[in-house]
Amino acid sequence: MTTSWTDVEDIALCEAWEEAMTNPPPRGQGGLWLRVQQIFAQLRDPDHNRIVDALSSRFRVVRLECERFDRYFKKVEREMSDLVEDDQKEVALINNRHDEGHEFKHVSEWEAIRIWFLDFFLLCFVYFFYVYV
């Protein structure tokens with residue numbers, strides 16, 4: 001039986017992913033998603049842990065939504081650089097709601113992983129090189 005993801009789990013997942021990317025596992029101790037699973041279990045109740053495939057699948061969904069919102073934020077950041085960051089975020093949320101037709105519900109998750117949007121694919125390449133080469 002699968003259960004729906006809660007907001008708390010989504011936040012814990014993004015925090016676990018960010019921690020795993022910041023402190024990758026030593027060589028020979030499993031890959032990124034095993035490390036994410038370990039950290040996720042520490043952040044959540046270990047008796048209600050998610051399997052690695054569920055973690056990576058859910059992260060893909062959340063990351064794509066966060067990347068979409070990040071484009072709104074970066075546009076506001078460029079065009080309204082005189083605003084403080086919190087105000088830029090509010091304008092981006094309004095623009096997102098107007099264009100997408102719904103609220104962006106992953107603000108905490110976006111804040112946890114947004115630094116990695118600078119060049120996600122480059123960072124993945126560096127991580128892969130560090131772990132496997």
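Which one of the conditions (1) under 30 Å from Ile94 (Cβ atoms); (2) loosely packed, with under 15 Cβ neighbours inside 10 Å does Thr3 fail to meet, given that it meets all the rest?
So Thr3 meets the others, but not (1).
Would you mind stating whether Arg44 is over 20 Å from Ile115 (Cα atoms), loosely packed, with under 15 Cβ neighbours inside 10 Å and in contact (Cβ under 8 Å) with a residue 12 or more places away in the chain?
No.
Name the helices (runs of 4 or more DSSP H) wholly inside the stretch 48-114 in which the number of residues that are without any contact (Cβ under 8 Å) to a residue 24 or more places away in the chain and either over 18 Å from the mean Cα position of the chain (by Cα) or surrounded by 11 or more Cβ atoms within 10 Å (Cβ to Cβ) (or both) is 3 or more.
52-79, 85-100
The numbers here are math on the coordinates, done by the rules we state, and not lab data. These figures come from a predicted structure and were not determined experimentally. No Cβ is skipped: glycine too gets one built from the backbone with ideal geometry, and neighbour counts run over all protein chains shown.
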